[in-house]
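Please read the structure below before turning to the comments.
Derivation of every value follows stated rules applied to the coordinates shown; laboratory data play no part. Note that the structure is predicted; figures quoted are calculated from it, not measured. All Cβ positions, glycine included, derive from the backbone under ideal geometry; neighbour counts span all protein chains shown.
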Amino acid sequence: MLNPLHTSTSGHATMSEIESFLRVKEDKRRELLRSWGLSGRQTIAWSEVWSAIGLDLHQDESLWNALKLPLLLPPDVVLMVGKSVETLNGWCRTDTLPPGFPLPICVGPRKKLWINLDILARRQPEIYGSAAGKIRRSRANGQLLERLSITLDPDLLIATLQKNSSVQRDLANVPSIETGRDGFMLAEIDELIAKINAAEDTSPVSESPMMDSVLRMLDQEMEAGAASSPRVLAKTALRSLLGIRGKRPDTTELSLDLFDDWFPLNGWNRVTMSRISRKVYLSYRKRARAAIARALGVTEEREKLRRQQDRWTELAEWLSGLTQFKDSTAPLAPISSTLTLLCREAQLSTEDLSQALMLCLYKRATPKQKRSLRNASRIIYVLQSDPEFSCGTREFFPNPIEAIRTGRRKTYQLSKHLQDGIEKFTRVSHLKDYIEITRSYDGLADKTRDQHKYALRTVIDALIATGHLSSDAETARFALSDRGCMIDACNHIYARIKRGELAASTATTNNDLFARNTRTQWDRDTRSSRRNSKGFGVPTENQQ
């Protein structure tokens, strides 16, 4: 091990290397170096950079290359430790990092970084734990004096150490450290501190907050005068859901990731959750998750992020001034709302966004957020490709962004007769009731009708593939009415899903449309439409 009194040469870092190491731009790098008293140089010793971020000047030579690697941003950390950015920011904001989790390096009011080796050791301790344990931290923290309860020299009393705030001056009074009878020599005080820290980290007492803190928060809100009914329901929801898993609030870790793993959006099961319906499960999940998010400070943090003024605000103002977005701001929601919020949580500016980071955000997003991110990537791609807006777009997004593709495009070579049949089927089936007062039909939403149209194309393609329908057939009515044909078609679709050729959402749509004797449903709707439409001026085509 390197002697701390020996001056080592760990090399010098250029300004570009420091920017890459600290994950900052030129202006922020100048500000940081100026605050650390290191400005006005072409190169800076790595030891001084390490000292500025809280490490000791002298590090083991075997760690030099690892400590020169760029520090990790929250999006990098969450991918390595399997948590979400929400949870990581919640830990840092509430100072409830799990025992042994490395503390962040703060280089700004909101920017947090982690040493690469520390996170690798957290992920694979059997490989990187030994190397991470050799990292020497700065001894400037006064807490070390309070925890120190042993001295290496009998003449140097603890009282003497406590009187003096400088450990270095007190240790200078020790002429040397001789080997003891057992041959053990403590090379430096950091080893003793590391042993104390290791003993504390392995303590069986957990300092992580538990789910019962959510119940206490709800009680405090009711005592402060907040509405009691929704909070009582939230308490019931949390207890009931945890009870399904055989857990209690006081023994379950407070974590959104853990809650989402146990209770996903489509996680209702008739067998394991026989006491509650699917509707109740979704209601319980929504209330309990919202309460957990408030307890972790996620809700408050998101509100602050929405009001934040930065490059994303400038981007929204610029986009709203474009011709295609002047009439309605709805198309901008994927960028101005979802993408902006996720990037602010990950502490990413518009210039930082790349295709790799976009896919990283997409991987960690919820299903609803994924749909918005797909729309956002498509809008950015179109703007970057348009000669009229490409220059202005690249001022915000200098890195090329491609539209996110979730799988193969579903193209079906259907004849014009079959396409016309699909249009007629969906036009009739989406009508529900005729309202005499308004003399109009109440129908399903247009998007629901589109989903039925997509499902019909998939099923008719399956009927053709299984040989139950000719590709040049005039109509698919008879094949759709045959139970055996439909079973074969559904088995064909299921096989395509297992091969990854179709998304599971397609099967869900098919099930919604065809599981309940679709042909009978259409016939009933058609008869009802004809009966109610007589005398009300409904076109003959619609009646048919």
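Residues whose amide H lies under 5 Å from that of I105, counting only those 5 or more places away or on a different chain, are L113, W114; hydrogens are built 1.01 Å from N in the peptide plane. Scalar couplings 3J(HN,Hα) for region 220-232, obtained by applying the Karplus form with A = 6.51, B = -1.76, C = 1.60 to θ = phi - 60°, are 5, 5, 5, 5, 7, x, 6, 4, 7, 4, x, 6, 5 Hz; x denotes Gly and Pro.
A Förster radius of 35 Å, combined with the Cβ-Cβ distance separating D60 from D95, puts the computed FRET efficiency at roughly 0.70. Annotation: extensible slack from R427 through R302 equals 40.8 nm (criterion: 0.36 nm per residue apart, minus Cα-Cα distance). Under a 5 Å amide H cut-off, with hydrogens placed 1.01 Å from N, A45 pairs with A13 among residues at least 5 apart or on other chains.
The phi-based Karplus calculation (6.51 cos²θ - 1.76 cosθ + 1.60; θ = phi - 60°) puts the 3J(HN,Hα) values of region 453-465 at 5, 4, 5, 4, 4, 4, 5, 5, 4, 5, 5, 5, 5 Hz, whole numbers, x for Gly and Pro. Normalised by the number of residues in region 12-133, the average gap of Cα pairs under 8 Å and 6 or more apart makes the relative contact order 22 percent.
Determine the gain in length on full extension of the stretch D420-R499; use 0.36 nm per residue of separation and subtract their C-alpha separation, reporting nm with one decimal. Before the final figure, lay out each step's value.
Working: separation 79, 0.36 × 79 = 28.44 nm, distance 3.00 nm.
Length gained between D420 and R499: 25.4 nm.
What FRET efficiency do you get for T475 and R245 if R0 is 56 Å and r is their Cβ-Cβ distance, rounded to the nearest 0.05? Efficiency, rounded to the nearest 0.05: 0.65.
What net charge is computed for the residues neighbouring A365, neighbours being all others with C-beta under 13 Å from the C-beta of A365, Lys and Arg scored +1, Asp and Glu -1? If you can, show how the numbers build up before the last one.
Numbers: positive: K363, R364, K368, K370, R371, R374; negative: E86, D260, E345.
Summing Lys/Arg as +1 and Asp/Glu as -1 gives +3.
A Förster radius of 35 Å, combined with the Cβ-Cβ distance separating I435 from A227, puts the computed FRET efficiency at roughly 0.40. Extension gain, K363 to M217: 0.36 nm times the residue separation minus the Cα-Cα distance gives 49.4 nm.
A cut-off of 5 Å between modelled amide H atoms, ignoring neighbours fewer than 5 places along the same chain, links L55 with S138.
The modelled label-to-label distance for the pair S349/T406, using points 7 Å beyond Cα in the direction of Cβ, is 3.3 nm. Converting phi to 3J(HN,Hα) with the Karplus coefficients 6.51, -1.76 and 1.60 and the offset θ = phi - 60°, region 490-498 yields 5, 5, 5, 5, 4, 5, 5, 5, 5 Hz in sequence order, with x at every glycine or proline.
Label-to-label distance for T236 and R123 is 4.4 nm, based on points extended 7 Å past Cα in the beta-carbon direction.
Protection proxy ranking for 47-60, 13-26, using the average of other Cβ atoms within 10 Å per residue and placing the highest first: 47-60, 13-26. Pairs from the list K235/K304; K83/K453; K68/K363 with a Cα-Cα gap above 32 Å: K83/K453.
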